[in-house]
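> Next up is a structure, given as C-alpha coordinates.
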Amino acid sequence: MIISSKARTKGDIVSIKLSNGEELIASWCEARSDVLIIDRPVSLSTGPNGAPALMPFFLTASPDATRDIELNRNLVVMIADTDKPLATQYTSAMSGIIQAPPSPGVIV
(Lines give C-alpha, C1' and ligand atoms only; values in the text may rest on other atoms or scores of the structure.)
Protein backbone atom coordinates (compact mmCIF):
# COMPACT_ATOMS: atom_id res chain seq x y z
CA MET A 1 0.00 0.00 0.00
CA ILE A 2 1.42 3.39 -1.02
CA ILE A 3 -0.10 6.22 0.97
CA SER A 4 1.54 9.62 0.98
CA SER A 5 2.98 10.69 4.30
CA LYS A 6 1.96 14.27 3.49
CA ALA A 7 -0.08 15.88 6.24
CA ARG A 8 -3.59 16.53 4.97
CA THR A 9 -5.99 19.18 6.14
CA LYS A 10 -9.77 18.84 6.33
CA GLY A 11 -11.15 20.03 3.01
CA ASP A 12 -8.12 19.09 0.86
CA ILE A 13 -9.21 17.60 -2.46
CA VAL A 14 -7.56 14.21 -2.92
CA SER A 15 -7.44 11.44 -5.49
CA ILE A 16 -7.65 7.94 -4.05
CA LYS A 17 -6.76 4.77 -5.96
CA LEU A 18 -8.51 1.68 -4.62
CA SER A 19 -7.20 -1.88 -4.70
CA ASN A 20 -9.86 -2.86 -7.27
CA GLY A 21 -8.49 -0.26 -9.71
CA GLU A 22 -11.21 2.34 -9.21
CA GLU A 23 -10.16 5.93 -8.61
CA LEU A 24 -12.16 8.53 -6.79
CA ILE A 25 -11.88 12.20 -5.94
CA ALA A 26 -13.10 13.40 -2.57
CA SER A 27 -12.75 16.03 0.09
CA TRP A 28 -10.43 14.87 2.89
CA CYS A 29 -11.81 14.76 6.43
CA GLU A 30 -9.42 12.68 8.54
CA ALA A 31 -7.39 9.50 8.81
CA ARG A 32 -7.93 6.99 11.58
CA SER A 33 -5.98 3.80 12.21
CA ASP A 34 -8.35 1.60 10.20
CA VAL A 35 -10.40 3.99 8.04
CA LEU A 36 -10.12 7.19 6.04
CA ILE A 37 -12.97 9.64 6.42
CA ILE A 38 -13.81 11.36 3.14
CA ASP A 39 -16.63 13.59 1.99
CA ARG A 40 -18.69 13.40 -1.21
CA PRO A 41 -16.61 11.00 -3.32
CA VAL A 42 -16.94 11.17 -7.10
CA SER A 43 -15.39 9.24 -9.96
CA LEU A 44 -14.05 10.58 -13.22
CA SER A 45 -15.95 9.72 -16.39
CA THR A 46 -16.10 10.90 -19.96
CA GLY A 47 -18.71 13.56 -20.60
CA PRO A 48 -20.05 15.11 -23.78
CA ASN A 49 -17.43 15.60 -26.50
CA GLY A 50 -14.94 13.52 -24.53
CA ALA A 51 -14.47 16.12 -21.80
CA PRO A 52 -13.83 14.84 -18.26
CA ALA A 53 -16.96 14.72 -16.11
CA LEU A 54 -17.45 14.00 -12.41
CA MET A 55 -20.02 11.36 -11.47
CA PRO A 56 -21.23 10.42 -8.00
CA PHE A 57 -19.21 7.46 -6.72
CA PHE A 58 -22.40 6.04 -5.14
CA LEU A 59 -24.91 6.33 -7.95
CA THR A 60 -27.87 5.15 -5.87
CA ALA A 61 -27.11 7.02 -2.62
CA SER A 62 -28.67 10.34 -1.71
CA PRO A 63 -26.21 13.26 -1.63
CA ASP A 64 -26.48 13.50 2.18
CA ALA A 65 -25.50 9.83 2.51
CA THR A 66 -22.11 10.56 0.95
CA ARG A 67 -20.99 12.88 3.73
CA ASP A 68 -18.25 11.64 6.08
CA ILE A 69 -17.83 8.25 4.39
CA GLU A 70 -15.62 5.70 6.15
CA LEU A 71 -13.28 4.05 3.64
CA ASN A 72 -11.41 0.95 4.80
CA ARG A 73 -7.68 1.76 4.65
CA ASN A 74 -6.92 -1.80 3.54
CA LEU A 75 -8.70 -1.03 0.25
CA VAL A 76 -6.57 2.04 -0.50
CA VAL A 77 -3.50 1.70 -2.72
CA MET A 78 -2.54 5.38 -3.16
CA ILE A 79 -3.57 8.87 -2.17
CA ALA A 80 -2.38 12.01 -3.94
CA ASP A 81 -3.35 15.64 -4.35
CA THR A 82 -5.87 15.98 -7.16
CA ASP A 83 -4.69 17.79 -10.28
CA LYS A 84 -5.55 21.49 -9.88
CA PRO A 85 -8.06 21.79 -12.78
CA LEU A 86 -9.95 18.70 -11.58
CA ALA A 87 -9.83 19.89 -7.96
CA THR A 88 -11.32 23.22 -9.09
CA GLN A 89 -14.03 21.38 -11.07
CA TYR A 90 -14.77 19.21 -8.02
CA THR A 91 -15.00 22.23 -5.70
CA SER A 92 -17.32 24.03 -8.13
CA ALA A 93 -19.54 20.98 -8.53
CA MET A 94 -19.83 20.39 -4.78
CA SER A 95 -20.39 24.01 -3.82
CA GLY A 96 -22.41 25.16 -6.80
CA ILE A 97 -20.03 28.11 -7.09
CA ILE A 98 -18.25 28.45 -10.42
CA GLN A 99 -14.74 29.81 -10.01
CA ALA A 100 -13.67 32.36 -12.58
CA PRO A 101 -10.61 31.50 -14.66
CA PRO A 102 -7.51 33.60 -13.98
CA SER A 103 -7.28 36.89 -15.83
CA PRO A 104 -5.01 36.92 -18.90
CA GLY A 105 -1.43 37.62 -17.94
CA VAL A 106 -1.89 36.37 -14.37
CA ILE A 107 0.46 33.57 -13.41
CA VAL A 108 -1.08 30.92 -11.21
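The values are calculated or read from the model by the stated rules, or taken from the named source; none is laboratory data. From a predicted model like this one, the values you see are computed outputs, not experimental measurements. With ideal geometry, Cβ positions are generated from the backbone for all residues, glycine too; neighbour counts draw on all protein chains shown.
> Among residues belonging to the stretch 38-65 that are under 12 Å from the mean Cα position of the chain (by Cα) and of a type in the set (Val, Ile, Thr), point out the one that is nearest to THR91 (Cα to Cα).
VAL42
To keep it simple, each residue is scored yes or no on (1) at pLDDT below 95; (2) among the basic types (Lys, Arg).
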position: LYS17; (1), (2): no, yes
position: TRP28; (1), (2): no, no
position: SER33; (1), (2): yes, no
position: ALA51; (1), (2): yes, no
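> Restricting to the stretch 86-100, give me the number of residues that are exposed (fewer than 10 other Cβ atoms within 10 Å of the Cβ), modelled with pLDDT of 60 or more and either farther than 14 Å from ASP39 by Cβ or more than 16 Å from the chain's Cα centre (by Cα) (or both).
1
> If you don't mind, there's one more thing I want to ask. Please give the strands (runs of 3 or more DSSP E) falling wholly within the stretch 1-63 in which 1 or more residues are in contact (Cβ under 8 Å) with a residue 60 or more places away in the chain.
13-18, 23-31
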